[in-house]
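Q: Okay, handing you the structure first.
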Amino acid sequence: MDLFSNVTKVIVRESISYQLSFKFKYMAQSNFSPETQMLGYGYKPELSEGAVKCPIFQTSTFVFKSAEEGKAFFEMAHGKPGHEGEVMGLIYSRINNPDMEILEERLKLWDEGEAAAAFSSGMSAIATSLVTYLSPGDVLLYSNPLYGGTHKFVHHILTHFGVEVIGFRAGQDLNEVEQILVESGHAKKLKMIYVETPANPTNDLIDIEMCSAIAKKFSTPDRKVLVTVDNTYMGPLWQHPLKHGADIVLYSATKYIGGHSDVIAGAAVGSKEIIGKIKKSRTFFGTMIDPHTSWLLMRSLETLKIRMEAAAINAEKVADYLSHHPKVEKVYYLGYTAKNNPEQVSIFTKQYLSNGAMLSFDIIGGEKEAFTFLNNLKHIKLAVSLGGTESLAEHPASMTHSDVPYEEKQELHITDKLVRLSIGIENYKDIIWDIEQALEKVKMPVIEMVM
Ligand SMILES: *Cc1c(COP(=O)(O)O)cnc(C)c1O
C-alpha cells in the first residue's frame with residue numbers, strides 16, 4: 001500500500017473542495033491583481049463565525065463529526081473505492097491546516113504557479129524540494145555564488161547522499177556552462193539546474209531561459225531535468241522564473257514575503273504535479289509551516305507590493321548617492337550592473353521588472369574601512385538577512401560569505417572592501433544621512449606614492 005500517494009490525495013481533495021466552493025462565489029473577480037487578492041483570496045468568513053480575517057487555527061489535530069466520518073476520511077486516505085463525491089476533511093496540522101492552505105493559495109498567485117507549498121524556513125523549502133527530486137548518482141548543476149546555507153547543504157549533505165554537484169559562475173554563457181557539464185563526464189546524469197539570480201551580493205544576472213535550454217537538451221523522455229530558481233532576492237514581485245522556463249521557484253519567506261524581520265519561513269511554487277510531490281515529502285520530513293507563522297505571512301502579504309516598491313525607490317536614491325561619494329570605489333546595483341555589459345542588459349530586460357532594493361559597494365580601502373563604516377551606523381542595523389522594513393548592513397567577506405574559499409571570493413568580487421545593504425522603507429533622506437555620517441568617520445588609507 002502506497003501511503004505517500006494516499007495522503008497526498010487527502011490534501012489535494014481538501015484544497016480542491018475549498019477552491020470549488022470558493023470559485024462559485026468569486027468567479028467574476030478571478031482576474032484581480034495579486035495585491036488585491038492578498039486581502040481575502042481563499043478565505044471563507046462563513047466557515048469562521050464571520051470573522052473578516054482568517055483566524056489562527058492553532059491546533060495540532062481536527063475533530064471528526066462522528067466515528068463514521070473518521071472512518072470515511074481514513075478510507076479515502078487509503079484510497080478505498082466507494083467515496084465518489086464525498087469531501088475530504090482536515091486531519092492533522094502536519095498534513096493540512098487552514099492557515100497553511102490559504103497562505104499557499106495566495107503565495108502561488110504572484111508567480112502564476114498552479115500550486116505552492118509553505119515551509120518552516122527557506123532552508124527547509126530548499127532541502128525538502130531538492131531531496132524530493134535528487135537521488136544518489138544524480139548530478140546537480142548549480143550557479144555560484146550560492147546563499148551560504150544552500151552552499152553548505154549542497155556540498156555537505158547532498159554529496160553525503162551521493163549526489164554529484166557541479167558549479168558554474170554567473171556570467172558564463174550557454175557554451176561555457178555546457179562545456180563544464182560535458183567535461184565532468186556526468187552530463188547524462190544531470191537531474192537539476194539550481195540557480196540564484198541576481199547573485200548575492202554582487203547582483204550578477206543568470207539567464208533562466210539559458211538554463212531551461214540546457215535542461216531540455218539533457219532531458220530524456222523518462223528523465224526530465226528540472227530548473228529550480230531561488231527567487232528570494234527579487235521575488236515574488238520583480239522576477240517570475242516560471243515564465244522563463246523554471247520548474248520550481250523557491251523562497252526564503254523570511255525576507256521580502258515576511259518583510260518585518262520577525263519570522264523564519266519558506267515557500268516553493270510550481271505546477272500541481274511538482275509541488276504535489278514536494279508536499280508528499282514535506283509531510284514525512286515535517287518541514288511544513290506552523291499555523292501562527294502562516295497567519296503572520298498572510299498579514300505580511302497584504303503590504304508586500306507597497307513595501308517592495310517603497311524599498312526599491314529608496315534603493316535607487318541610495319545607489320545614486322553612493323556612486324557620487326569620493327570614499328566609494330564601486331556600487332553593485334542592478335540599475336548599474338545591467339548597464340555595463342550587453343549580455344547582462346539583455347538578461348535584465350527580459351527577466352526583471354525592477355532594479356530591486358539590494359545593493360553593495362566597495363569602500364576605498366579594505367576590512368578596516370568597511371568595519372569603521374559599519375560600526376558607525378546609527379540607524380541602519382548591522383545584521384545579516386534582507387528584505388525587511390528596516391535597512392540592514394553587513395560585510396559579506398567576513399559574515400554571509402565567510403565560508404567561501406579566499407580565491408573564489410576574489411573571483412566573485414567578494415573582497416574585504418565590500419559592504420552589502422538591504423534597503424528598507426524609511427524616509428530615504430534618513431538612510432542617506434546615516435550613510436553619510438558613517439562614511440565621514442572613515443579615514444582614507446594613505447596611498448604610498450611610488451617615485
Ligand atoms: C535567507 C536565504 C535563504 C535561507 O532562508 P531561511 O529562511 O533563513 O532558512 C535561502 N536563500 C536565500 C537567497 C536567502 O537570502
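Every read-out reported here was derived from the displayed coordinates using simple, explicitly stated rules and does not represent laboratory data. Nothing here was measured: the structure is a model prediction, and the numbers come from that model. As a convention, Cβ positions derive from the backbone with ideal geometry for all residues, glycine included, and neighbour counts pool all protein chains shown.
Q: Which residue, Val318, Thr283, Met298, has the largest displacement toward the positive end of the dipole of the stretch 278-335 when charges sit on each Cβ (Lys, Arg +1; Asp, Glu -1)?
A: Farthest towards the positive end: Thr283.
Q: Further, regarding this structure: Measure nothing fancy, just the Cα-based angle from helix 272-285's long axis to the longest principal axis of the chain, in degrees from 0 to 90, nearest 10.
A: 90 degrees
Q: Let me ask something else. Modelling each spin label as a point 7 Å along the Cα-to-Cβ direction, I'd like the Asp262/Met444 distance in nm, to one decimal.
A: 4.4 nm
Q: Between the stretch 344-393 and the stretch 114-163, what is the C-alpha centre distance in whole Å?
A: Taking the Cα centre of the stretch 114-163 as reference, the centre of the stretch 344-393 is 26 Å away.
Q: To check you understand DSSP bridge types, tell me what percent of the beta bridges within the stretch 210-329 (both residues inside) are antiparallel, rounded to 5.
A: Taking every DSSP beta bridge with both residues in the stretch 210-329, the antiparallel ones total about 65 percent.
Q: Looking at the chain only, what percent of DSSP beta bridges run antiparallel? Nearest 5 please.
A: Taking every DSSP beta bridge with both residues in the chain, the antiparallel ones total about 55 percent.
Q: If I model a spin label as a point 7 Å beyond the Cα along the Cα-Cβ vector, how far apart are those points for Lys339 and Gln172 in nm?
A: Between Lys339 and Gln172, the simple spin-label model gives 3.0 nm.
Q: Let me ask you something else. Apply 1/(1 + (r/R0)^6) to the Cβ-Cβ distance of Phe32 and His292, taking R0 = 22 Å, and write down the FRET efficiency to the nearest 0.05. It would help to have the intermediate numbers written out before the result.
A: Numbers: r = 27 Å, r/R0 = 1.23.
With a Förster radius of 22 Å, E is 0.20.
Q: Follow-up question, since we're still on this one. Using the number of other C-beta atoms within 10 angstrom as an exposure proxy, rank His244, His395 with the fewest first. Can you show the working numbers first?
A: Working: His244 18, His395 23.
Arranged by neighbour count, lowest to highest, His244, His395 become His244, His395.
Q: Right, another one. Of the options His260, Phe361, Ile435, report the single residue whose Cα projects farthest towards the positive end of the charge dipole of the chain (beta-carbon charges: Lys, Arg +1; Asp, Glu -1).
A: His260
Q: Follow-up. Most exposed first by the Cβ proxy, i.e. fewest other Cβ within 10 Å, how do Val63, Val87 rank?
A: Least to most surrounded, the residues fall as Val63, Val87.
Q: Can I ask one more? Local charge sum around Leu205 (other residues, Cβ-Cβ under 13 Å, Lys/Arg +1, Asp/Glu -1)? Please report the intermediate quantities before stating the final value.
A: Working: positive: Arg169, Lys339, Lys350; negative: Asp173, Glu196, Asp204, Asp207, Glu209, Glu343.
So the environment of Leu205 carries a net charge of -3.
Q: What does the charge dipole of the stretch 98-301 about its Cα centre add up to, to the nearest 20 debye, if the Cβ of each Lys and Arg holds +1 and the Cβ of each Asp and Glu holds -1? Intermediate values should be presented prior to the final figure.
A: Working: 19 positive and 23 negative charges, 89 e Å.
With Lys and Arg at +1 and Asp and Glu at -1, about 420 debye.
Q: For Ser120, what charge total do you get from the other residues with a beta carbon under 12 Å from its beta carbon, if Lys and Arg give +1 and Asp and Glu give -1? Kindly include the intermediate steps, with their values, before the conclusion.
A: Details: positive: Arg94, Arg282; negative: Asp290.
Local net charge: +1.
Q: What FRET efficiency comes out for the pair Gln179/Ile157, r = Cβ-Cβ distance, R0 = 30 Å, nearest 0.05? Walk me through the intermediate numbers first.
A: Numbers: r = 28 Å, r/R0 = 0.92.
With a Förster radius of 30 Å, E is 0.65.
Q: If you take every DSSP beta bridge whose two residues both sit in the stretch 98-301, what share of them, in percent to the nearest 5, is antiparallel? Working shown, then result.
A: Values: 12 of 30 bridges.
Here the antiparallel bridges make up roughly 40 percent for the stretch 98-301.
Q: Let me ask something else. Given a Förster distance of 35 angstrom, what is the FRET efficiency for Glu408 paired with Leu353, based on the Cβ-Cβ distance and rounded to 0.05? Intermediate results must be reported in sequence, preceding the final value.
A: Values: r = 31 Å, r/R0 = 0.87.
It comes out at approximately 0.70.
Q: Taking the highest mean first, how do the peptides 54-62, 95-103, 420-428 order by number of other beta carbon atoms within 10 angstrom per residue?
A: Working: 54-62: 14.8, 95-103: 23.9, 420-428: 22.2.
Sorting 54-62, 95-103, 420-428 by mean packing, highest first, produces 95-103, 420-428, 54-62.
Q: Let me have the 222 nm mean residue ellipticity of the chain computed from DSSP H runs of 4+ only, each contributing -39500 (n - 2.57), with the sum over all residues rounded to the nearest 500.
A: Numbers: 16 runs with 181 residues, N = 451.
For the chain, the value works out to -12500 deg cm²/dmol.
Q: Let me ask something else. For the stretch 98-301, just say rounded, prolate or oblate: build the C-alpha gyration tensor, square-root its eigenvalues into a ≥ b ≥ c, call rounded for a/c under 1.5, and beyond that prolate if a/b exceeds b/c, oblate if not.
A: Numbers: a/c = 1.76, a/b = 1.55, b/c = 1.14.
It is prolate, given that a/c is not under 1.5 and a/b is the larger ratio.
Q: Continuing with the same structure: Of Val87, Leu421, Leu130, which is farthest along the charge dipole of the chain in the positive direction, counting Lys and Arg as +1 and Asp and Glu as -1 at C-beta?
A: The residue sitting most towards the positive pole is Val87.
Q: Quick check: net charge around Tyr321, other residues with Cβ under 13 Å of its Cβ, Lys/Arg +1 and Asp/Glu -1?
A: Working: positive: Lys317, Lys327, Lys429; negative: Glu316, Asp320, Asp430, Asp434, Glu436.
Net local charge, Tyr321 excluded: -2.
Q: Order the peptides 204-215, 177-188 from the highest to the lowest mean number of other Cβ atoms within 10 Å of their residues. Let's see the in-between values first.
A: On the way: 204-215: 21.5, 177-188: 14.9.
In decreasing order of mean packing, 204-215, 177-188 become 204-215, 177-188.
Q: Can you give the charge dipole size of the chain about its Cα centre, rounded to the nearest 20 debye, using +1 on the beta carbon of Lys and Arg and -1 on the beta carbon of Asp and Glu?
A: Values: 45 positive and 55 negative charges, 155 e Å.
In debye, rounded to 20, the chain gives about 740.
Q: Going by how many other Cβ atoms sit within 10 Å of their own, how do Lys378, Lys339, Lys255 line up, fewest first? Each step should come with its number before you reach the end.
A: Details: Lys378 9, Lys339 12, Lys255 21.
Starting with the residue having the fewest Cβ neighbours, the order is Lys378, Lys339, Lys255.
Q: Distance between Cα centroids, the stretch 168-212 to the stretch 401-415: provide it in whole Å.
A: What the calculation gives is 19 Å, centre to centre.
Q: While we're on this one: With +1 on each Lys and Arg Cβ and -1 on each Asp and Glu Cβ, how big is the dipole of the stretch 228-316 about its Cα centre, in debye rounded to the nearest 20? The partial results should precede the final answer.
A: On the way: 10 positive and 8 negative charges, 68 e Å.
The dipole magnitude comes to about 320 debye.
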